[in-house]
Amino acid sequence: PLLLAQLGAAGSEPRARGNASGHCAPHGVYKAAGDDAWLAIAVCSEQQWQGLCGLVPELASSAQLEFDERVEQRESIDAALARWCALADPATLHAGLSSAQIPASPVFSANDLHASAHLKARGFWDQAHGGDLPGLPWGLPWRGAGVRQQGPAPALGADNEWMSREVLGLSAAEHLALSAQGAFGKA
């Protein structure tokens, strides 16, 4: 029912738009040089568009395009970016785009993430619970500011009683009554 109401409110059915954005153009993921190497780029301002046109020779003559014109010419702009990205590896492309203050990022594989100095420095990989498993990357404010949950994510419902008692302040009897009523799902 909610989806139908949203469709009616919008006046039309939503359509797939892939990597396209209603706020940024160009906006996509482009194949770079290398085996399964990709780069994401999002141009969300005129300054970023000018910077991109200065980096990509094939786009130099398109620097005057306004946002709506870039949206209309999305396919040809994406094709030019695809040809440009194919010439270099994602790290090199990212460095140039970053220096021009254009939002971009290499698309990381699982191996890239595992080797990431950034994630290692922040203790993302949980060495204490069975090896290199991803930990929970956020702190839980109700367990103390900056305290990070260690170990794998809890199983479904594993923290129900703790959450009811410690966070919501319910008594054991209140928790059991809610549980019996199905408030936490089926046992």
Checklist line | helices (runs of 4 or more DSSP H) (entirely within region 61-127) containing at least 1 residues that are touching a strand residue (DSSP E or B) at 6+ places or on another chain (Cβ under 8 Å), touching a residue at least 24 places away in the same chain (Cβ under 8 Å) and open to solvent by 70 Å² or more (accessible area, probe 1.4 Å) | finding: none
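Suppose we filter 71, 56 for residues that are farther than 16 Å from residue 104 by Cα and of a type in the set (A, V, I, L, M); which single one remains?
Working: 56 fails: farther than 16 Å from residue 104 by Cα.
Only one candidate passes the filter, namely 71.
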Item checked: Where residue 187 falls short, out of the listed (1) hydrophobic (A, V, I, L, M, F, W, C); (2) at pLDDT 65 or above; (3) more than 30 Å from residue 28 (Cα to Cα) -> (2)
Checklist line | Where residue 176 falls short, out of the listed (1) open to solvent by less than 50 Å² (accessible area, probe 1.4 Å); (2) at pLDDT 90 or above; (3) of a type in the set (A, V, I, L, M) | finding: (1)
Next item on the list: Might you check whether a residue that is part of a strand (DSSP E or B) and free of Cβ contacts under 8 Å to residues at least 40 places away in the same chain occurs anywhere in region 27-47?
Entry: yes
Notebook entry, point to check: Could you count how many residues in region 32-47 are of a type outside the set (Phe, Trp, Tyr), farther than 13 Å from residue 70 by Cβ and buried (at least 16 other Cβ atoms within 10 Å of the Cβ)?
Noted result: 4
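The values are calculated or read from the model by the stated rules, or taken from the named source; none is laboratory data. What you see is a predicted model, and the numbers here were worked out from it, not measured in a lab. Note: ideal-geometry Cβ built from the backbone for every residue, glycine included; neighbour counts use all protein chains shown. Protein only, heavy atoms only, side chains kept; ligands, DNA and RNA dropped before computing areas. Shrake-Rupley method; radii C 1.70, N 1.55, O 1.52, S 1.80 Å.
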